[in-house]
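Structure first, then comments.
The values are calculated or read from the model by the stated rules, or taken from the named source; none is laboratory data. It should be emphasised that the depicted structure is a prediction, and the values quoted were computed from it without experimental measurement. Ideal geometry is used to build each Cβ from the backbone, glycine not excepted, and the neighbour counts take in all protein chains shown. Surface areas here come from the heavy atoms of the whole protein model, side chains and all, with no ligands, DNA or RNA. Shrake-Rupley method; radii C 1.70, N 1.55, O 1.52, S 1.80 Å.
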Amino acid sequence: MAHFLPISVLIVIVVARFLRSRGSRPAQTPAVTWTPVPFDAAAYGLAPRDVLDPQRPGPPAPDHVRQECQAIADAAFAGDWRPAAAYIAAAGQDWDENWSRLELLRSIAREDDAWLTTWRAEDPNNCDAATLEADRMVNRAWEVRGRGYANETPEENITQFRALLPAAIEAAQRAALLDPQNPGPWVVMVTAARGAQYKPERFWTLWVELVARAPHHYEGHWQGMQYWCAKWFGSNKQMLEFARRAMDNAPAGSPLAGIYLHALSELEARRSNPPSGYAAKKRLAAVATALAAVREDDDHLPALRHLLAYYLGRAGMHGAALEQFRLLGPWCGSSVWAKNGLNRADGFHHARAVTVAAAKAKPLTLALRAKNVDAAHLP
């Protein structure tokens, strides 16, 4: 594949794409006239408005992580697949970490996959390389289809999309034979299943194999939730039941409870009201408790905190929402705040002001303010 940008520029692009959490890029939103609520954020232990960063949902990765990712991208673009192979192998059987590392390699391969072709040829029995190849096939199929609804997509694109997916699933099946313990190929199959029009009974056979290997796989559950949503092969009820089961079965320290928040977001996208009442509030409180036990450096945590703050606010749980805003600090790069014509920073700041007022929060002492500002990792 020919490069149209210098290699050094491509490396920066790839690493930046990977290091930003999903959905973290700022959206272009129309400018509107609005009157901000008078609000001294620092008085309540929140990051001041003028330091809010809409570019990312959470703090950037440490320097050593960025340097490692750049070195892997640099080597791959130079044709050397071995650093990529060592990088993903170092995850061992931490299957969520394995998938996170595969996502970096996926980003690199989107720019140039010649190194992956060489890896497959020189190490044909490597399950991770075979999984990445199958995943690339699924993503190429989606690129052909586009991300719009079926009735917005040309019929020829839909036809080609459905023709490409069976080959991708077969490639994932072959990858699964290379390492029977690795759930990665099954995540690829579960991902492809809805586009391949798998009926629930057939999907279930894939799902059983995936959770037998990784019962709490985050990406696998996110893809499973998509399968069971109303726009694919389930319903609002089935999707919520799936998300609740995932949450209830998640071990301590897992971000899996956040799948429930994604289910609420899916409901909202379909203009369906989220659950309400005591049980719904109890569920959100349980999500907050679960996320409090997740490692601070977990890639999923910042984006989930944004969703949690948003849905706590919608449920009238303003005190709990305020705590999430304090934990988020200045990072406001989540599309959940880009609503009603506001950009992310303005939407985030406005939501905090509303939360403080609704919670009837009292200004913190100067000592507590300083402590919260330090904890917010202000840039």
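How many angstrom lie between the Cα centre of the range 278-321 and the Cα centre of the range 144-190?
Cα centres, the range 278-321 to the range 144-190: 32 Å.
Treating only the Cα positions of the range 39-171 as identical point scatterers, give the base-10 log of I(q)/I(0) from the Debye formula at each q in 0.12, 0.15, 0.16, 0.20 Å⁻¹.
Result of the Debye calculation: -0.65, -0.85, -0.91, -1.14.
Tell me, what does the Kirkwood hydrodynamic radius of the range 127-253 come to in angstroms if you use every pair of distinct C-alpha atoms? Let's see the in-between values first.
Numbers: mean 1/r = 0.0666 Å⁻¹.
This gives a value of 15.0 Å.
I want the local charge near residue 361. Using Cβ-Cβ distances under 11 Å, sum +1 for each Lys or Arg and -1 for each Asp or Glu among the other residues.
Taking every other residue near residue 361 into account, the sum is +3.
With 14 Å as the cut-off, how large is the P(r) tail for the range 35-98, expressed as percent of Cα-Cα pairs?
Details: 1490 of 2016 pairs.
The answer is 74 percent, as a whole percent.
Considering only 171, 109, 89, give the residue with the highest GNM mean-square fluctuation for the chain, with springs between Cα atoms whenever their separation is below 10 Å.
With Cα springs under 10 Å in the chain, the top fluctuation among 171, 109, 89 is at 89.
Given a 1.4 Å probe and the protein chains all in place, what does the accessible area of residue 138 round to, in Å² to the nearest 10?
Looks like 0 Å² after rounding.
What figure, in Å² to the nearest 10, do you get for the accessible area of residue 356 with a 1.4 Å probe and non-protein molecules left out?
Counting only protein heavy atoms, residue 356 exposes about 10 Å² to solvent.
Any chance you could look up the accessible area of residue 231 with a 1.4 Å probe, heavy atoms only, rounded to 10 Å²?
Ignoring ligands and nucleic acids, residue 231 comes out at about 80 Å².
What are the ³J(HN,Hα) couplings of the range 294-300, residue after residue, when phi is run through the Karplus curve with 6.51, -1.76, 1.60 and θ = phi - 60°? Round to Hz, x for glycine and proline.
7, 4, 4, 8, 5, 4, 7
From the phi of every residue in the range 198-205, what ³J(HN,Hα) in whole Hz does the Karplus formula 6.51 cos²θ - 1.76 cosθ + 1.60 yield, where θ is phi - 60° and glycine or proline is x?
After applying 6.51 cos²θ - 1.76 cosθ + 1.60, I find 5, 6, x, 5, 6, 4, 4, 5 Hz.
Out of residues 5 or more away from residue 342 or on other chains, whose amide H comes under 5 Å of its own, with H placed 1.01 Å from N in the peptide plane?
Hits under the 5 Å cutoff: none.
Please list 254, 276 in order of solvent-accessible area, largest first, computed with a 1.4 Å probe with all protein chains present. Spell out each step's value before the answer.
Numbers: 254 15, 276 105 Å².
From most accessible down to least: 276, 254.
Take 137, 239 and sort them by solvent-accessible surface of the protein heavy atoms, 1.4 Å probe, largest at the top.
Solvent-accessible surface, decreasing: 137, 239.
Given the Cα atoms of the range 188-234, and with Rh set as the inverse mean 1/r over their pairs in the Kirkwood sense, what is Rg to Rh to two decimals? Intermediate values should be presented prior to the final figure.
Working: Rg = 9.7 Å, Rh = 10.5 Å.
Ratio of gyration radius to Kirkwood radius: 0.93.
Å³ per residue of the Cα convex hull, for the range 247-352?
It comes to 96 Å³ per residue, whole-number rounded.
Net charge within 11 Å of residue 117 by Cβ-Cβ distance, Lys/Arg positive one each and Asp/Glu negative one each, not counting residue 117 itself?
That sum, taken over residues with Cβ under 11 Å, equals -2.
Is the shape of the chain best called rounded, prolate or oblate, per the rule: a/c under 1.5 gives rounded, else a/b larger than b/c gives prolate, else oblate, with a ≥ b ≥ c the square roots of the Cα gyration tensor eigenvalues? Walk me through the numbers on the way to the answer.
Details: a/c = 1.81, a/b = 1.45, b/c = 1.25.
Prolate.
Nearest 500 deg cm²/dmol is fine: what mean residue ellipticity at 222 nm does the chain get from its DSSP H runs of n ≥ 4 alone, each adding -39,500 (n - 2.57), divided by its residue count?
-19500 deg cm²/dmol, from helical runs alone.
Using DSSP to call loops (not H, G, I, E or B), can you name the trypsin sites (Lys or Arg not before Pro) in the range 52-147 whose Cβ has at most 16 other Cβ atoms within 10 angstrom? Please list the in-between numbers first.
Working: sites: 66, 101, 106, 110, 120, 136, 140, 145, 147; in loops: 147.
The qualifying sites are 147.
Toward the positive end of the charge dipole of the chain, about the Cα centre and with charges on Cβ (Lys, Arg +1; Asp, Glu -1), which of 351, 183, 195 goes farthest?
Farthest towards the positive pole: 351.
Taking only the alpha carbons of the range 302-365, what extent do you get along each of the three principal axes, in Å, biggest first?
That gives 30, 23, 22 Å along the principal axes, largest extent first.
Please list the non-local residues whose amide H lies under 5 Å from the amide H of residue 53, H modeled 1.01 Å from N, same-chain partners needing a gap of 5 or more.
331, 332
How much accessible area per residue does the chain have, in Å², with a 1.4 Å probe? Could you put the intermediate results ahead of the total?
Working: 18210 Å² over 379 residues.
Accessible area per residue: 48 Å².
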